[in-house]
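> Input: one structure, supplied below.
What follows is calculated from the coordinates using simple rules that are stated; it is not laboratory data. A quick note: this is a predicted structure, and the numbers were derived from the prediction, not measured. When we count neighbours, we look across all protein chains shown, and the Cβ atoms used for this are built from the backbone with ideal geometry, even at glycine.
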Amino acid sequence: MTLQQLQERRNELAVKIKEFAKRHADQGGKWKDDEERQNWEKLNADYDAVIAQMDAARAAAEVSARAARVQEQQDASQRGAPPRTDFSPPAPTPDTRHAGTVDEETRALALAGFCRAQFGRQLDNEHVQAMQRCNIHPWQRELILDLGDSRNVRQIQASYRSAHHSRSREEAERRAAMSAFTYATGGALVPSSFMTQLEINMLAWGGLLQVADTLNTQSGEEMSWPTADDTSNEGEQVGENANIDNSNAGGPLPSFGAVKWNAYTFSSKAILVPYYLFEDSFTELPSILGSFMGERLGRTINRKCTLGSGANEPKGIVTASTLGVTAASATAIDFDEVIQLEHSVDPAYRTGAGYMCHDAVVLALRLLKDGNGQYLWQSGVANNRPDTLNGSPLAINQSMANSVAADAKTLLYGQLSRYKIRRVRQVRVYRLEERYRDKDQDGFIALLRADGNLLTAGTAPVKHLVQASS
């Protein structure tokens, strides 16, 4: 199917989901038989599968485009001069260190030359020239990748919050290309496609990372965010010629505090790359490694920032949230409880607020209707927007409770962007060339320091719904 056909199919399935949900409501909240229940589950699975196919179709188009570029580069290389083994990088100049003077293709060729040199392979003229332009020595072992400032990261996240992946991925690639590289330590030889894939895949595999706010810092010392809570106080009306009350008799003094973030180390674990991949796919290597590293880092940071205890690890958003509503049932969620959860959050934090839950819990939410018979869940495909629950964006977080069960915190609501993920700016990438030599493989590993915590001054910006005890 084409992407347009998949979008049309998704719209059809969304309509059928509502039809099934209406039938379920008309039957008193029960399925007629097991076959009908199984059809409902299959319909929802098909809806989710179409979304996955849409993402796969976009990825396939990107791969085809990259493959065409690789073939074009290989053809140009075969028409070029004989291979060279010498290398003499020029003295660093401001021009060679400026990101605007080195394009994507040059970085890809520089990385290809870097890999060839470390394998003792000959360097073509184009590789030598690209490495010289990037001021890269072929025998470096550590690459320091600058993630860019927090503004770029927030722009990428904003695109994920406001649209489906078709638009957000394109926007994210454009924004990621703006990020800076640390030339003096080897970052210039990494194409922006690596950084793009790293950032995008961390977001794609980390539902919380899409909606939380990410801050990049230059160093890893403890970071404090001052807070002040004066919500219990108010001013007063003063009569003519009357003294102003400065005694604080009208209420307690403002409460001052601080929320703290540390810098815990996260690892992608070693990614093993066989020699033939170096041999055949030099220019594709950045995208491949960026995808794998992004997925791995995204999964582990998302899980820790969702459920972490805060003791020698990030304090997860579920852990930091406060109780909003306790469901009457251990195995069900009803309409009233969703509305109660929404109104348990202070109105000051309901502007720009959203819901978050596991994808399996969405299955239960798709059955809920309001007092006017309108379904709370709405597919956003018609408006190219995210799916919503009661008009607020619904974020999927696969690290949350995966079933509606006793004592499970199944649903979050509030200003999810008040959860702050602090990242120390640089990602370190190492090549492990001897450890896996007996299998003719090289290992690559990425290390990133990060922490997460919910920014609150006293009034809870995010609350949860918990199921009743059994």
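> Compute the convex hull volume of the Cα atoms of segment 408-470, divide it by the residue count, and report the result per residue in Å³ as a whole number.
168
> Then there's this: Students often get this wrong, so check it: of 269/315; 22/409; 42/463; 18/369; 30/463; 42/304, which have C-alpha atoms separated by over 20 Å?
In this structure, 269/315; 22/409; 42/463; 30/463; 42/304 lie more than 20 Å apart at Cα.
> Note down the net charge around residue 461, summing +1 for each Lys or Arg and -1 for each Asp or Glu among other residues with Cβ under 15 Å from its Cβ.
With Lys, Arg at +1 and Asp, Glu at -1, the net is +1.
> Got a sec? How would 444, 335 order by Cβ neighbour count within 10 Å, fewest to most?
335, 444
> A follow-up question, please. Between residue 38 and residue 217, what length in nm is gained on full extension when 0.36 nm per residue of separation is reduced by their alpha carbon distance?
Stretched out fully, the residue 38 to residue 217 stretch lengthens by 59.5 nm.
> Moving on to the next point. Treat each spin label as a single point 7 Å out from the Cα along the C-beta direction, and report the residue 241 to residue 328 distance in nm.
6.2
> If you rank 42, 315 by fewest surrounding Cβ atoms within 10 Å, what's the result? Please list the in-between numbers first.
Working: 42 11, 315 22.
Ascending number of Cβ neighbours within 10 Å: 42, 315.
> Let me ask something additional. If each of residue 267 and residue 15 carries a label point 7 Å out from its Cα toward its Cβ, how far apart are those two points in nm?
According to this spin-label approximation, the distance is 5.3 nm.
> How many percent of the alpha carbon pairs in segment 325-470 exceed a separation of 22 Å? Could you put the intermediate results ahead of the total?
Numbers: 5436 of 10585 pairs.
Summing the P(r) tail past 22 Å for segment 325-470 gives 51 percent.
> Where does each of 275, 355, 349 land when they are ranked from fewest to most other beta-carbon atoms within 10 angstrom?
275, 349, 355
> Working out 0.36 nm times the residue gap between residue 253 and residue 48, then minus their Cα-Cα distance, what length gain in nm do you get to one decimal?
Separation in residues times 0.36 nm, less the Cα-Cα distance, equals 68.6 nm.
> Compute the whole-percent fraction of alpha carbon pairs in segment 310-388 spaced more than 21 Å apart.
More than 21 Å apart: 39 percent of the Cα pairs in segment 310-388.
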